[in-house]
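Undergrad: Have a look at the structure that comes next, please.
The values are calculated or read from the model by the stated rules, or taken from the named source; none is laboratory data. Since we're looking at a predicted model, the values are computed, not measured. Cβ placement follows ideal geometry from the backbone for every residue including glycine, while neighbour counts extend to all protein chains displayed.
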Amino acid sequence: MTVLVIRKPTNLEQHGEVVRSQVKAGGLSDSHYAQLEKAHQEHYASLEAVRDQLRSHDLSFVELKRGDMRPSGAFQAIVSVGGDGTLLSASHSVEGNTPIIGIRSSNSSVGFLCAGGIDEVPQIFDKFAKGKLDFQERTRIKAKIFKAEDRSGITTFPVLNDFLYTSANPASTTRYKAFYEGRVEVQKSSGIWVSTATGSTAAISAAGGCDMDPSDNRLQFVVRELYQTDQSEPTIQKGTFDGTETILEIENHCANGILALDGERGVIRLRYGDRVAFHRGPGINVAVL
């Protein structure tokens with residue numbers, strides 16, 4: 001079988017011309033461009049190391065840039081070359097039991113979900129070729145959206161980190177009805193984070209969530225900046241749920257609400273009355289050293 005390699009486009013490739021013009025205009029220092037260039041070189045050195053290891057172990061591979069259309073068919077594994085963001089994007093393409101191997105390609109990349117960097121590449125692929133690379137199963141989460149206008153329903157792809165439900169305008173109040181453990185409350189806040197155990201150390205942690213062991217298959221939510229009146233205290237503020245028998249559901253009361261998937265990696269527009277239910281999704285096997 002074939003290995004699918006998904007590589008990120010570097011910041012130099014995406015923003016280099018803009019940064020270069022800003023340096024010339026005196027808006028940015030030369031060191032800023034130098035940092036982009038250094039990260040770019042580190043990334044391609046790591047990518048070439050991955051290619052070399054795959055070839056040396058006679059592992060055929062297909063290489064794509066993050067965001068490109070994935071070819072059809074089954075793969076022996078998916079290798080993400082970048083950082084956690086690239087691995088999150090790649091994880092959306094994982095079907096069945098296909099494992100994912102994250103390679104942190106630059107010192108400037110965040111790589112908590114990655115198996116290692118350029119120094120660990122030989123060890124990672126030697127173990128993989130021999131069937132000795134360890135993988136840890138991580139829980140993913142999916143959302144089911146029921147449209148009020150035409151009663152249609154859609155289900156998102158499973159995400160590894162989190163969802164953010166909020167108003168499309170970050171300065172606006174997010175208005176909704178929340179359903180959790182038999183309780184129903186109409187609330188106003190800045191939105192709601194809903195995460196997996198993997199995502200528990202990301203944005204939801206800063207909002208007051210609890211860190212969870214990566215192997216925990218529960219989901220958790222935290223209401224952001226809840227608006228409270230002098231009336232009875234809201235009870236739906238944070239909690240965990242299994243995502244199967246117990247779920248969290250939201251009825252959107254914003255004129256323009258959004259549901260963001262793993263940060264900026266997907267956005268679903270919500271209209272007044274649309275309902276969103278959060279469920280446990282299929283697991284994913286992530287390589288660890």
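Undergrad: Quick check: anything in segment 164-173 surrounded by 18 or more Cβ atoms within 10 Å (Cβ to Cβ), modelled with pLDDT of 95 or more, under 26 Å from S89 (Cβ atoms) and out of contact with any Leu (no Cβ under 8 Å at 6 or more places or on another chain)?
TA: The initial filter retains those residues of segment 164-173 that are surrounded by 18 or more Cβ atoms within 10 Å (Cβ to Cβ), namely 164-167.
Checking the rest, the ones that are also modelled with pLDDT of 95 or more come to 164-167.
Applying the additional criterion that residues be under 26 Å from S89 (Cβ atoms) yields 164-167.
Then keep just the ones that are out of contact with any Leu (no Cβ under 8 Å at 6 or more places or on another chain); that gives 166-167.
The answer is yes, given that some residue of segment 164-173 is surrounded by 18 or more Cβ atoms within 10 Å (Cβ to Cβ), modelled with pLDDT of 95 or more, under 26 Å from S89 (Cβ atoms) and out of contact with any Leu (no Cβ under 8 Å at 6 or more places or on another chain).
Undergrad: Could you check, for segment 81-90, whether at least one of its residues is within 24 Å of K127 (Cα to Cα) and surrounded by fewer than 15 Cβ atoms within 10 Å (Cβ to Cβ)?
TA: No, because not a single residue in segment 81-90 is within 24 Å of K127 (Cα to Cα) and surrounded by fewer than 15 Cβ atoms within 10 Å (Cβ to Cβ).
Undergrad: Condition first: touching a residue at least 40 places away in the same chain (Cβ under 8 Å), buried (at least 17 other Cβ atoms within 10 Å of the Cβ) and under 26 Å from P234 (Cα atoms). Can you find one or more residues in segment 146-160 that meet it?
TA: no
Undergrad: Further question: Please indicate, with yes or no, whether at least one residue in segment 183-193 is closer than 26 Å to R138 by Cβ, in a strand (DSSP E or B), over 17 Å from the mean Cα position of the chain (by Cα) and not acidic (D, E). It would help to see each step written out before you state the result.
TA: Going residue by residue through segment 183-193, those that are closer than 26 Å to R138 by Cβ are 191-193.
Now drop any that are not in a strand (DSSP E or B), which leaves 191-193.
Applying the additional criterion that residues be over 17 Å from the mean Cα position of the chain (by Cα) yields 191.
Cutting the leftovers down to not acidic (D, E) gives us 191.
Among the residues of segment 183-193, at least one is closer than 26 Å to R138 by Cβ, in a strand (DSSP E or B), over 17 Å from the mean Cα position of the chain (by Cα) and not acidic (D, E), which makes the answer yes.
Undergrad: Given (1) more than 15 Å from S108 (Cα to Cα); (2) in contact with a strand residue (DSSP E or B) (Cβ under 7 Å, 6 or more places away or on another chain), identify the lone condition not met by V23.
TA: So V23 meets the others, but not (2).
Undergrad: When the residues of segment 115-145 are narrowed to those that are aliphatic (A, V, I, L, M) and part of a loop (DSSP other than H, G, I, E, B), which ends up surrounded by the fewest Cβ atoms within 10 Å (Cβ to Cβ)? So that I can check it myself, show each step before the final result.
TA: Pass one, segment 115-145, residues aliphatic (A, V, I, L, M): 115, 118, 121, 124, 129, 133, 141, 143, 145.
Cutting the leftovers down to part of a loop (DSSP other than H, G, I, E, B) gives us 115, 133.
Values: A115: 26, L133: 19.
Looking at the filtered set, the residue picked out is L133.
Undergrad: Next up: Going by the structure shown, is L54 within 16 Å of M1 (Cβ to Cβ), in the same structural domain as F128 (by TED's automatic domain parsing), in a helix (DSSP H, G or I) and touching a helix residue (DSSP H, G or I) at 6+ places or on another chain (Cβ under 9 Å)?
TA: On the way: within 16 Å of M1 (Cβ to Cβ): yes; in the same structural domain as F128 (by TED's automatic domain parsing): yes; in a helix (DSSP H, G or I): yes; touching a helix residue (DSSP H, G or I) at 6+ places or on another chain (Cβ under 9 Å): yes.
Yes; evaluated as a whole, the condition is true for this residue.
Undergrad: Moving on. Looking only at segment 260-282, which residues are in contact (Cβ under 8 Å) with a residue 12 or more places away in the chain and under 15 Å from L88 (Cβ atoms)? Please lay out each step first, then the result.
TA: Step one: of segment 260-282, the residues in contact (Cβ under 8 Å) with a residue 12 or more places away in the chain are 260-263, 265-266, 268-282.
Scanning segment 260-282 gives A260, L261, D262, G263, R265, G266, G281.
Undergrad: Step by step: first the residues of segment 269-289, then only those that are surrounded by fewer than 20 Cβ atoms within 10 Å (Cβ to Cβ) and among the small types (G, A, S), then the one that is farthest from P99 (Cα to Cα). Which residue is that?
TA: G273
Undergrad: Which of the residues spanning segment 194-205 are at pLDDT below 95 and either over 17 Å from the mean Cα position of the chain (by Cα) or of a type in the set (A, V, I, L, M, F, W, C) (or both)?
TA: A202, A203
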